[in-house]
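The values are calculated or read from the model by the stated rules, or taken from the named source; none is laboratory data. Fair warning: this is a prediction, and the values are worked out from it, not measured in the lab. For neighbour counting, all protein chains shown are included, and Cβ atoms are generated from backbone atoms with ideal geometry for every residue, glycine included.
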Amino acid sequence: MAQTSSHGGAGEGTRRDFLELVSWATLGVGTLVALWPFVDSLNPSMEVLATASTELDLEPIQEGQRVTIMWRGKPVFVAHRTQQEIEAARQVRLDELRDPEPDEERAPRPEWLIVVGICTHLGCVPLGNRTGEPRGEWGGWFCPCHGSHYDTAGRIRKGPAPRNLEVPPYTFQTDTLVRIG
Amino acid sequence: MNREFVQPPLRGVAKWIDERLPILTWAYNELVVYPAPKNLNYWWNFGSLAGIMLTIQIVTGIVLVMHYTPHASMAFDSVEGYIMRDVNWGWLLRYLHANGASMFFAVVYIHIFRGLYYGSYKAPRELLWMIGVVIVIVMMATAFMGYVLPWGNMSYWAATVITNLFSAIPLVGETIVTWLWGGFTVANPTLQRFFSLHYLLPFVIFALVFLHILALHQVGSNNPLGIDLTKKDKIPFHPYYTIKDMFGLGVFLLVYGFFVFFAPNAFIEPVNFEPANPLQTPAHIVPEWYFLPFYAILRAINFDILWIIPAKLGGVIAMFASIFVLFLLPWLDTSPVRSARFRPIYRQFFWILVLDVLVLGYCGAHPPEGWYLTVAQIATAYYFLHFLVILPILGKVERPLPLPKSLDEPVLAGGAAPSSR
């Protein structure tokens, strides 16, 4: 705020200019501070944050089986991949992919693929997690809304979606207990 | 009497818009150049404070609604559990809103007594005054329904008692109460309709405030001398009164802030920290402080009037009449002199009325027995005596002090000034 108003000479501020500036600055900062609680109250509350992580027992999930669980209100696909599925995902050359990511990064424990089941195009839930549903041309998932095909690593292969299915943050508490979030 | 509108200095897009939709001209004339009396004292700050409180209540209320659940089985937990503990800053929003209601009424009551003291209700400001009375009535309805929403045990029984007032209406009373409740007691249907109306009415108040200001600016503000002022006795609203209102706001926010941060439950009855219980009436039911004088009037009529009006109906009529009498005030007060500064006898009666209302409030906070009841009955009688008997007669018999012709006169004439300054 280099500008001073008409009270003083050119480039010279008077006491009144200073007071005016300080008053407006105080009012502005005060208003912003007062607004913050209103804005922040719309962020997730303690209750919402308390359910921000979820645990899943992997023991009962058979090889080749896929299950859907809820995490933060979203579907998460947990796939116990078969050897063929793992090989299919790992043999792909990265330059063939729209969103190049090696399978090793997406699934550090190759038999478990955990992805958020929301198409990165416009937010539909892709098919393929239940037996009998179409899994698309690469044997992963197929989004019926606008025809996006995902491979067995949940990577986008064909269709309008821009990115691979998101991998949520998760840690293995034990070999059969995973904590998502 | 029509005001001349001044063209604001506009250029470019602002000018283009204003030529098609004159909101800028309007805002400029109402908020910047509006000619305000130059002798307004600090009692004139309370109108703008009331407007600010309405805004704060609406803004905090809209955000609170985003977290509140209007259902009998969930309302209490959503307020005391979710909003107060889980929502970020929820405690602040709720305390601002709950204490804001008290602050709003405090400001408005001072605003009303300002009007009573300086005769702001007299011609040509009768409609301005009457719109104000409507605003208070709608405010009371809004505050009452808002108080029910947390669904604590005092909320519940306040709703029961107040809605039961309508059962005093002859013949159809019970039917009306059942209709108000949407059932046979206060219950979830009651809560949900109160919630809907509690959200609606503030916007009705907002529209009424708009009319209030429109009427005010049409005839111009009254002033402490109560005389009609000429142009030279007026100054533009901005910057003179914007800055004065800002200063007043700062002082007011200190008081408001004190309650919100240091005594947030000062106005909340402990019983309301218990969930609503239709089987257990609290031992001692009291309304919020701003309803106490009216509550005292309601309970003061514990006798049948003239064998035809039962005590119950009489109390309800007296309570409503205590507010509705204000509609008639411009005609009940027969004195042509506005300001109490020049009405030595009225000035004393004014302060007696203030005391009377405080006494009523004190009695309203105590059980209607023994001395409290007797005092409340006397104070109720005096309240109506003031408006219906004293004011009409006083205007005829009181000899007012000589009025100055203009603001300059007392100064220039050297000593003929009114005593109180």
Count of segment A:33-62 residues which are in a helix (DSSP H, G or I) and not hydrophobic (A, V, I, L, M, F, W, C): 3
Name the single residue that is farthest from the other protein chains (Cβ to nearest Cβ) among those in segment A:1-16 being under 30 Å from B:GLY257 (Cβ atoms) and either part of a helix (DSSP H, G or I) or modelled with pLDDT of 90 or more (or both). A:ARG15
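If you check B:ILE227 against the conditions, is it buried (at least 18 other Cβ atoms within 10 Å of the Cβ), closer than 25 Å to B:LEU407 by Cα and over 20 Å from the mean Cα position of the chain (by Cα)? First the steps, then the outcome.
Working: buried (at least 18 other Cβ atoms within 10 Å of the Cβ): yes; closer than 25 Å to B:LEU407 by Cα: yes; over 20 Å from the mean Cα position of the chain (by Cα): yes.
Judged against the criteria, B:ILE227 is a match.
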Got a sec? Which of B:LEU149, B:LEU96 is at pLDDT 95 or above and within 14 Å of chain A (Cβ to nearest Cβ)? B:LEU96
Would you point out which residue out of B:SER420, B:SER406, B:SER339 is within 27 Å of B:LEU127 (Cα to Cα) and at pLDDT below 95? B:SER406
Among the residues listed as B:LEU54, B:LEU10, the single one being farther than 30 Å from B:GLU409 by Cβ and surrounded by 19 or more Cβ atoms within 10 Å (Cβ to Cβ): B:LEU54
Pairs with Cβ under 9 Å, 6+ apart, first in segment A:91-116 and over 14 Å from A:PHE172 (Cα atoms), second assigned to a helix (DSSP H, G or I) and of a type in the set (Lys, Arg): A:PRO102/A:ARG90; A:ASP103/A:ARG90; A:GLU104/A:ARG90; A:VAL115/A:ARG106
Can you give me the ranges of the helices (runs of 4 or more DSSP H) entirely in segment B:9-111 with at least 3 residues that are under 21 Å from the mean Cα position of the chain (by Cα)? B:46-65
Tell me, yes or no, whether segment B:76-85 has at least one residue that is surrounded by 17 or more Cβ atoms within 10 Å (Cβ to Cβ), β-branched (Val, Ile, Thr) and away from chain A (no Cβ under 14 Å). no
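Go through B:HIS238, B:HIS198 for me and flag whichever is of a type outside the set (Phe, Trp, Tyr), more than 18 Å from B:ALA72 (Cβ to Cβ) and not in a strand (DSSP E or B).
On the way: B:HIS198 fails: more than 18 Å from B:ALA72 (Cβ to Cβ).
Result: B:HIS238 is the single residue among B:HIS238, B:HIS198 that is of a type outside the set (Phe, Trp, Tyr), more than 18 Å from B:ALA72 (Cβ to Cβ) and not in a strand (DSSP E or B).
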Please specify each residue of segment B:43-74 satisfying the condition of being touching a Gly at 6+ places or on another chain (Cβ under 9 Å) and small (Gly, Ala, Ser). B:SER48, B:GLY61
Could you check segment A:155-181 and list, in sequence order, the residues that are of a type in the set (Ser, Thr, Tyr) and part of a strand (DSSP E or B)? A:TYR170, A:THR171, A:THR174
Answer yes if at least one residue in segment A:126-139 is surrounded by fewer than 22 Cβ atoms within 10 Å (Cβ to Cβ), of a type in the set (Val, Ile, Thr), part of a loop (DSSP other than H, G, I, E, B) and touching a residue at least 60 places away in the same chain (Cβ under 8 Å), and no otherwise. no
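Yes or no, residue by residue, for (1) closer than 23 Å to A:GLY117 by Cβ; (2) of a type in the set (Val, Ile, Thr); (3) away from chain B (no Cβ under 14 Å); (4) surrounded by 11 or more Cβ atoms within 10 Å (Cβ to Cβ):
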site	(1), (2), (3), (4)
A:TRP36	no, no, no, yes
A:SER45	no, no, no, yes
A:LEU49	yes, no, no, yes
A:SER53	yes, no, yes, yes
A:GLU59	yes, no, yes, no
A:GLN65	yes, no, yes, yes
A:THR68	yes, yes, yes, yes
A:ARG72	yes, no, yes, yes
A:ARG93	no, no, yes, no
Conditions: (1) more than 21 Å from B:LEU358 (Cβ to Cβ); (2) at pLDDT 90 or above; (3) out of contact with any helix residue (DSSP H, G or I) (no Cβ under 6 Å at 6 or more places or on another chain). B:LYS312 meets all but one. Number of the miss? (3)
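Kindly provide the set of residues from segment A:103-125 that are in a loop (DSSP other than H, G, I, E, B) and more than 18 Å from the chain's Cα centre (by Cα), ordered by number.
Of segment A:103-125, the ones in a loop (DSSP other than H, G, I, E, B) are A:107-111, A:117-125.
Hits for segment A:103-125 are A:PRO108, A:ARG109, A:PRO110, A:GLU111.
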Considering every residue within segment A:147-154, establish whether at least one is at positive phi, touching a residue at least 40 places away in the same chain (Cβ under 8 Å) and not in a strand (DSSP E or B). yes
Does B:SER120 satisfy the condition of being away from every other protein chain (no Cβ under 12 Å), out of contact with any strand residue (DSSP E or B) (no Cβ under 6 Å at 6 or more places or on another chain), touching a residue at least 60 places away in the same chain (Cβ under 8 Å) and within 24 Å of B:PRO287 (Cα to Cα)? no
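With the condition kept exactly as written, say whether any residue in segment A:167-180 is touching a helix residue (DSSP H, G or I) at 6+ places or on another chain (Cβ under 8 Å), within 30 Å of A:PRO44 (Cα to Cα) and hydrophobic (A, V, I, L, M, F, W, C).
Of the residues in segment A:167-180, the ones touching a helix residue (DSSP H, G or I) at 6+ places or on another chain (Cβ under 8 Å) are A:167.
Right, trim to within 30 Å of A:PRO44 (Cα to Cα) and you get A:167.
Cutting the leftovers down to hydrophobic (A, V, I, L, M, F, W, C) gives us A:167.
Checked against the condition, which is being touching a helix residue (DSSP H, G or I) at 6+ places or on another chain (Cβ under 8 Å), within 30 Å of A:PRO44 (Cα to Cα) and hydrophobic (A, V, I, L, M, F, W, C), segment A:167-180 yields at least one hit.
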Taking segment A:23-33, which residues are surrounded by 11 or more Cβ atoms within 10 Å (Cβ to Cβ) and at pLDDT 95 or above? A:ALA25
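Report whether or not B:LEU279 is exposed (fewer than 13 other Cβ atoms within 10 Å of the Cβ) and either at pLDDT below 95 or outside any helix (DSSP H, G or I) (or both).
On the way: exposed (fewer than 13 other Cβ atoms within 10 Å of the Cβ): yes; either at pLDDT below 95 or outside any helix (DSSP H, G or I) (or both): yes.
When the stated conditions are applied, B:LEU279 passes them.
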Hits in segment B:60-75 (condition: out of contact with any Phe, Trp or Tyr (no Cβ under 6 Å at 6 or more places or on another chain), among the aliphatic types (A, V, I, L, M), buried (at least 17 other Cβ atoms within 10 Å of the Cβ) and within 14 Å of another protein chain (Cβ to nearest Cβ)): B:LEU64
